[in-house]
Amino acid sequence: RGQGGHGALPHQTRDTVLAAAHAIVALQSVVSRRVPPTHPAVLTIAMIQGGTAYNVVPEAVRLRGTLRALDPETRALAVEAAEDVVRGACLALGTDYSFQATPLCPPCVNDAGMAALVRKAAEGLFGQEKVVTPEVSTVSDDMAHFLEAVPGCYVLLGCGGADPSQAPGHHNGHFDIDEAA
């Protein structure tokens, strides 16, 4: 939040767009400089809302994004660092802020025994060459809540067609499940 005003008189404003831009750039350092490299995490600002005219500095700009980590300690560290960055950008540019971090899904952590059972069953059905172990990922799903309660295994079923590398990814407007899967 700042003081809006005319774009031709920026010295009379407390520029929220400029503060948001500085915050976004500085937030990119949270994972690379505050989280140990052995602890996977990702911070993405995916939404910026502010202003209604090209020549008016808005009173407020809203940033929204996602922060993901594979353990609660890393997530807490990254959340604290993210707020430090936003606070610093706003302080430097004379704006104010509010910060909210709402935990959604915990990380999906497969039970090793269940993962081995699923792998064996999949290899029996599809052949060993068709079963791959994906890299560690920070994607999330509400399946994580089930995995916290009972041993289980989250499985990614390939359904992108004959050449999955050519298929649009999930959360893409062109994503289309190959029904043959």
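The values are calculated or read from the model by the stated rules, or taken from the named source; none is laboratory data. The shown structure was predicted, so the numbers you read here are calculated from the model rather than taken from an experiment. Neighbour counts run over all protein chains shown; Cβ positions are idealised from the backbone, glycine included. Accessible surface is based on the protein model in full, side chains and every heavy atom, while ligands, DNA and RNA are left aside. Shrake-Rupley method; radii C 1.70, N 1.55, O 1.52, S 1.80 Å.
Is the shape of the chain rounded, prolate or oblate, going by the alpha carbon gyration tensor and its root eigenvalues a ≥ b ≥ c, with a/c under 1.5 for rounded and a/b larger than b/c for prolate?
Here the chain falls in the prolate category.
Going by alpha carbons, how many degrees (0 to 90, nearest 10) lie between the helix axis of 72-93 and the longest principal axis of the chain?
For 72-93 against the chain, the angle is about 20 degrees.
Given the rule -39500 (n - 2.57) for each run of at least 4 DSSP H residues, summed and divided by the residues of the chain, what is its mean residue ellipticity at 222 nm, to the nearest 500 deg cm²/dmol?
Helix-only estimate at 222 nm: -11500 deg cm²/dmol.
Applying 1/(1 + (r/R0)^6) with R0 = 25 Å to the Cβ-Cβ distance of A180 and Q128, what FRET efficiency is obtained, to the nearest 0.05?
Here the calculated transfer efficiency is 0.75.
How far apart, in nm, are two points set 7 Å out from the Cα along the Cα-to-Cβ line at M47 and at D163?
3.6 nm
Taking the Cα-to-Cβ direction at A60 and at F146 and moving 7 Å from each Cα, how far apart do the two end points lie in nm?
3.9 nm
If a paramagnetic tag sat 7 Å from the Cα of R1 along the Cα-Cβ line, which residues of segment 52-70 would have the backbone N under 14 Å from that point?
59-62, by backbone N distance to the label point.
To the nearest 10 degrees, how steeply does helix 16-34 sit against the main Cα axis of the chain, on a 0 to 90 scale?
Around 40 degrees separate the two axes.
Per residue, how many Å² of accessible area does segment 1-55 show with a 1.4 Å probe?
Accessible surface, normalised per residue, equals 66 Å².
Quick one: if you take sqrt(5λ) for each eigenvalue of the C-alpha gyration tensor of segment 1-66, what semi-axes come out, biggest first, whole angstrom?
Calculated on Cα positions only, the semi-axes equal 30, 12, 7 Å.
Any idea what the relative contact order of the chain is, in percent, if you count C-alpha pairs under 8 Å spaced at least 6 apart?
With pairs under 8 Å counted, the relative contact order is 19 percent.
Per residue, how large is the accessible surface of segment 77-154? Use a 1.4 angstrom probe and give square angstrom.
With all protein chains present, segment 77-154 gives 69 Å² per residue.
Using the Cα centre of segment 72-125 as origin and beta-carbon charges of +1 (Lys, Arg) and -1 (Asp, Glu), tell me which of V118, L104, G88 is placed farthest towards the positive end of the dipole.
Comparing the listed Cα positions along the dipole, V118 ranks first.
Roughly speaking, to the nearest percent, how much of the chain's 1.4 Å accessible area is carbon and sulfur?
Carbon and sulfur atoms account for 57 percent of the accessible area of the chain.
Full-extension gain between E83 and A101, please, as 0.36 nm times their residue separation minus the C-alpha to C-alpha distance.
Net length gain for the segment: 5.6 nm.
Taking one equal scatterer on every alpha-carbon of segment 34-95, how large is log10 of I(q)/I(0) by Debye at q = 0.12, 0.15, 0.27, 0.28 1/Å?
-0.41, -0.59, -1.16, -1.20
Using only the Cα atoms, work out Rg/Rh for segment 137-181, with Rh taken as the Kirkwood radius, to two decimals.
Expressed as Rg/Rh, it is 1.06.
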